[in-house]
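What follows is a set of notes on a single structure, which appears directly below.
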Amino acid sequence: MKLSQRLQYILEQIPAGSRLADIGSDHGLLPVAAVRSGRVSQAVAGEVNDGPLRAAQKQVAEAGLTDRIAVRKGDGLAVVKVNEVDVITIAGMGGALIASILEQGKDKLDSVKQLVLQPNVGEDILRRWLIKHQWVLINEHIMEEDGKIYEVLTAVPASESTLKQDELYRPWELPGSSLVLTEDLLMLLGPLLVKAPNETFFSKWQLEIRKLQDVLAQVARSNQASAQHKQEQLRKQIEQLKEVLACLPKDRQ
């Protein structure tokens, strides 16, 4: 069984000896690989849909790991018992949905030492949830696989982190520019990603700029009174992003 680059990277973020819950486990590939590798002692694979649930059950059975991986049907962290796991992975969903899952299962997080989260969109929403609930990012990674761009956010409780939230999101001025990377911009771009941008980071935000330009062109054709204000907001955001990309170092990989 070979994991995708995305799942392999998520696996590598899990500390050795962990007890894992993989929420939205799909075919159960990640927990099976995590247990097989010896990185995880036991795991829970949670799925809300019957098809993926059966696929995960089959995967675990064929791997001979039914005694170490519990495949459970349920919504979000409802599949996890209190104090049962210390690492939670949630991958392949929108940031708003991941934040909602964490919010609804807050009572299950007291024993958790690490979150490894891979939102498909809405990364800034997830970063805001982490700040609000005292989880500190210790790693951010952006990668491209099969034409899709993914961000992986790894966070630990604030009480376990030497890095403080106010340090992580402290505004700073871009070298060679008067633009200040505010807390809002750092939420959007990723406070760790923006300090070590790779080629994929630039690709993502060049694409986002093109999307914003398309939206701007559509808004410009509108006769509604609110369109003028929306155009100004979009132009400002586009110019900010262009300046960020122009001023960040491009030789980091």
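Things worth noting here:
- With both residues required to sit in segment 53-154, DSSP beta bridges show an antiparallel share near 60%.
- Checking the Cα-Cα distances for LYS132/LYS242; LYS58/LYS204; LYS58/LYS148; LYS113/LYS242; LYS108/LYS164 against a 32 Å cut-off, the pairs over it are LYS58/LYS204; LYS113/LYS242.
- Relative to the compact-globule estimate of 2.2 N^0.38 Å, the Cα radius of gyration of the chain comes out at 1.11.
- Every helix of 4 or more DSSP H residues in the chain counts as -39500 (n - 2.57), and over all residues that averages to -12500 deg cm²/dmol at 222 nm.
- The overall shape of segment 160-218 is prolate: from the C-alpha gyration tensor, with semi-axes ordered a ≥ b ≥ c, the ratio a/c is 1.5 or greater and a/b exceeds b/c.
- Shape class of segment 1-99 from the alpha-carbon gyration tensor: rounded, with the ratio a/c of largest to smallest axis under 1.5.
- By DSSP, the beta bridges lying fully in the chain are antiparallel in about 40 percent of cases.
- Dimensionless Rg/Rh of segment 124-253 - Kirkwood Rh, Rg from C-alpha atoms: 1.01
- The chain: DSSP helices with Cα axial extent of at least 20 Å and average Kyte-Doolittle hydropathy no lower than -0.5: 199-220
- Inter-centroid distance (Cα atoms) of segment 183-208 relative to segment 107-147, Å: 15 Å
Throughout, read-outs are computed from the coordinates displayed, never taken from laboratory work. Every value quoted in this text rests on a predicted model; they were computed, and no experiment measured them.
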